[in-house]
Amino acid sequence: MPGNVYLLNAEESHHATRVLRLSVGDEIGIINGQGTAATAAISSISGASVQVIIHALDEPNEPVIDVTLYQGLCKGDKLELVAQKCTELGVCRIVPVEFARSDVRIGKDESGRISRLARIAREAAKQCGRAFIPVVSKSVSFEEMIHELVNKEQQHVIIPWEKDTHRLMDALSVMTKHNCYSIVIGPEGGIEQNEIDWLVDIGATPVSLGKRILRTETAAIAAVSILMYTRGEM
């Protein structure tokens, strides 16, 4: 609320004073990561601690649709790129998934991977002015993803797949406008036929993203962009 006073955490205090070199009286934008954004001013700086006072709550800028991205585990920094760009586009949750053809497997580096992706999502949310920081969930197996999807109600599940011929925009045009969507993106090697069959059996819709075969990271960004555009969020 306007007039309330808060202490920034150590990381944000350091960023404000050491990186941005802000001083008492300077205005900043702050978010709580749960959907609230506000304009505040630095009221005091004491050592490594920065205190701010809220001036005004900002208008919410979050999408009205809830989008979960189930992204196939992939090599290098591709998953980090997906987390960054899809946060900017408005997804609410990112879940890495181990498919049959995944070159990367859930392993000992799991906690480090999730921490890194969560940090990237947090920084992307701040940079683009979102009030909500997407949740980056622990990696799951294909079977665990299916279990999650089966237990979600009132949602559309969309699977971009290079062998399908129905355009995503055409599929969305005939879908009931639910507020909840899940997008399933396969890994570099693609999604196996039996995995597609399993997803279709639980009500998922395979779609095409065009005549060209897209890389896994490109497919994720393209699918989220088309969904957001079609639902009036871009």
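Placing +1 on the Cβ of each Lys and Arg and -1 on the Cβ of each Asp and Glu in the chain, which of LEU199, HIS14, PRO134 has its Cα farthest towards the positive end of the resulting dipole?
It is HIS14.
In the chain, what percentage of the DSSP-assigned beta bridges are antiparallel, given to the nearest 5? Mind showing how you got there, number by number?
Values: 17 of 40 bridges.
Within the chain, antiparallel bridges account for around 45 percent of the total.
What helices does the chain have that are whole DSSP H segments, at least 18 Å long along their own axis by Cα, and with mean Kyte-Doolittle hydropathy of 0.5 or more? Let's see the in-between values first.
Working: long enough: 110-128 (27 Å, -0.63); 216-230 (21 Å, 1.23).
Going by DSSP H runs, the hits are 216-230.
Specify the residue with the greatest mean-square fluctuation among GLU153, GLU27, GLU110, computed from a Gaussian network of the chain linking alpha-carbon atoms under 10 Å apart.
Among GLU153, GLU27, GLU110, the largest mean-square fluctuation in the Gaussian network model of the chain belongs to GLU153.
In what sequence do THR17, THR87 fall when counting other Cβ within 10 Å, fewest first? Don't skip to the end; give the middle numbers.
Values: THR17 18, THR87 28.
Result, fewest neighbours first: THR17, THR87.
With a 10 Å Cβ neighbour count serving as the proxy for reagent exposure, in which order, fewest first, do CYS86, CYS92 appear? Write down the numbers at each step before the final one.
Details: CYS86 26, CYS92 18.
Listing CYS86, CYS92 from fewest to most nearby Cβ atoms yields CYS92, CYS86.
How much of the calculated P(r) for region 182-224 lies past 12 Å, in percent of all Cα pairs? Write out the running numbers ahead of the final one.
Working: 566 of 903 pairs.
Here the long-distance tail beyond 12 Å is 63 percent of all Cα pairs in region 182-224.
What is the fewest-to-most order of TYR229, TYR181 by other Cβ atoms lying within 10 Å of their Cβ? Present the calculation step by step, with values, prior to reporting the outcome.
Numbers: TYR229 13, TYR181 23.
Ordered by Cβ neighbours within 10 Å, fewest first: TYR229, TYR181.
If you take the C-alpha gyration tensor of region 61-147, multiply each eigenvalue by 5 and take the square root, what semi-axes do you get, largest first, in whole Å? Walk me through the intermediate numbers first.
Working: eigenvalues 101, 41, 20 Å².
That gives 22, 14, 10 Å for the three semi-axes.
According to a simple spin-label model (label point 7 Å from Cα along Cα-to-Cβ), what is the distance in nm between LYS108 and SER23?
5.1
Would you list which aspartates and glutamates come within 17 Å of LYS75, measuring only between C-alpha atoms, while excluding same-chain residues fewer than 8 positions from it?
GLU98, ASP103, ASP109, GLU110, GLU188, GLU217
How would you rank 118-131, 65-78, highest first, on the average number of other Cβ atoms within 10 Å across their residues? Walk me through the numbers on the way to the answer.
Values: 118-131: 17.6, 65-78: 20.9.
For the peptides 118-131, 65-78, the packing ranking is 65-78, 118-131.
Charges at C-beta only: +1 for Lys and Arg, -1 for Asp and Glu. How large is the resulting dipole of the chain about its Cα centre, in Debye rounded to 20?
Values: 24 positive and 30 negative charges, 97 e Å.
My answer is approximately 460 debye.
If you take the alpha carbon radius of gyration of region 66-230 and divide it by 2.2 N^0.38 Å, what ratio comes out, to two decimals?
Numbers: Rg = 14.6 Å, N = 165, 2.2 N^0.38 = 15.3 Å.
Cα-based Rg divided by the globular estimate yields 0.96.
FRET efficiency for ILE53 and GLN127, Cβ-Cβ distance as r, R0 = 35 Å, nearest 0.05? Walk me through the intermediate numbers first.
Values: r = 24 Å, r/R0 = 0.67.
In this case the efficiency is close to 0.90.
Just so you know, all these numbers are worked out from the coordinates, no wet-lab data involved. This structure is a prediction, so every number in the text was calculated from the model and none was measured. FYI the Cβ positions are ideal-geometry reconstructions off the backbone, even for glycines, and counts take in every protein chain you see.
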